[in-house]
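The values are calculated or read from the model by the stated rules, or taken from the named source; none is laboratory data. Everything numeric here is computed off the predicted structure, so don't read it as measured data. Please note: Cβ atoms are built from the backbone with ideal geometry, for glycine as well, and neighbour counts cover all protein chains shown.
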Amino acid sequence: MFRNILIATDGSEFAGRAVTSALSLAKSEGAKVFVVLVDAPMHAGQIKQEAKALLNRVAAEAKAANVPCQTIQVDHDQPHQVICATAKDKNCDLIVLGSHGRGRITTALLGSVTNAVLRHAACPVLVWR
């Protein structure tokens, strides 16, 4: 059913749960995963290194599960735009992300990035809690 799954992560607890679940789903479906981490352009080098380390851990987890994986790190101030554009560019048929991330601004029920992805994505979105 799913061939290409985009996993959006930011290192938060909810995103970690989404990664684990998405990798399990990808393994059962024989799908490839693309893991995207969108970082604010103003972040310092240390934060960028932490982001790279996080993507490396996810790639190692995917490799251990025999799931083909490509990681993508992008500097942008609108994460939902990058997530939706990457899903379209990589022909993803599913986006998986956590219900809340590290962002300081949240809506009442869902994180602001998650809410924006739900509104703008051209494919199904699985929100993990």
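Taking into account only those residues within segment 71-80 that are surrounded by 14 or more Cβ atoms within 10 Å (Cβ to Cβ) and free of Cβ contacts under 8 Å to residues at least 60 places away in the same chain, which is nearest to Gly111 (Cα to Cα)?
His80
Sort through Ala51, Ala26, Ala87 and tell me the only one that's surrounded by 16 or more Cβ atoms within 10 Å (Cβ to Cβ), at pLDDT below 95 and among the small types (Gly, Ala, Ser). Show your work before the answer.
On the way: Ala26 fails: at pLDDT below 95; Ala87 fails: at pLDDT below 95.
Answer to the check: Ala51.
Out of everything in segment 100-127 that is part of a loop (DSSP other than H, G, I, E, B) and at pLDDT 90 or above, what residue ends up being nearest to Ala40 (Cα to Cα)?
Step one: list which residues in segment 100-127 are part of a loop (DSSP other than H, G, I, E, B), which gives 100-105, 107-110, 121-124.
Among the residues that remain, those that are also at pLDDT 90 or above are: 121-124.
Numbers: Ala121: 21, Ala122: 24, Cys123: 25, Pro124: 25 Å.
That would be Ala121.
Here are some residues: Ala62, Ala51, Ala22, Ala26. Which one is in contact (Cβ under 8 Å) with a residue 40 or more places away in the chain, part of a helix (DSSP H, G or I) and in contact with a helix residue (DSSP H, G or I) (Cβ under 9 Å, 6 or more places away or on another chain)?
Details: Ala62 fails: in contact (Cβ under 8 Å) with a residue 40 or more places away in the chain; Ala51 fails: in contact with a helix residue (DSSP H, G or I) (Cβ under 9 Å, 6 or more places away or on another chain); Ala22 fails: in contact with a helix residue (DSSP H, G or I) (Cβ under 9 Å, 6 or more places away or on another chain).
Unique residue meeting the criteria: Ala26.
Report yes if some residue within segment 6-14 is among the acidic types (Asp, Glu), over 17 Å from Arg129 (Cβ atoms), modelled with pLDDT under 95 and more than 9 Å from the chain's Cα centre (by Cα); otherwise report no. Even if it seems obvious, please write down each step before you answer.
Going through segment 6-14, the residues among the acidic types (Asp, Glu) turn out to be 10, 13.
Then keep just the ones that are over 17 Å from Arg129 (Cβ atoms); that gives none.
The answer is no; no qualifying residue exists.
Test Asp39 against the criterion of being in contact with an Asp or Glu (Cβ under 6 Å, 6 or more places away or on another chain), over 20 Å from Arg129 (Cβ atoms) and surrounded by fewer than 21 Cβ atoms within 10 Å (Cβ to Cβ), and give yes or no. Lay out the reasoning, then the answer.
Working: in contact with an Asp or Glu (Cβ under 6 Å, 6 or more places away or on another chain): yes; over 20 Å from Arg129 (Cβ atoms): yes; surrounded by fewer than 21 Cβ atoms within 10 Å (Cβ to Cβ): yes.
In short, yes.
Among the numbered criteria (1) at pLDDT 95 or above; (2) buried (at least 22 other Cβ atoms within 10 Å of the Cβ); (3) more than 21 Å from Met1 (Cα to Cα), which one does Leu94 miss?
(3)
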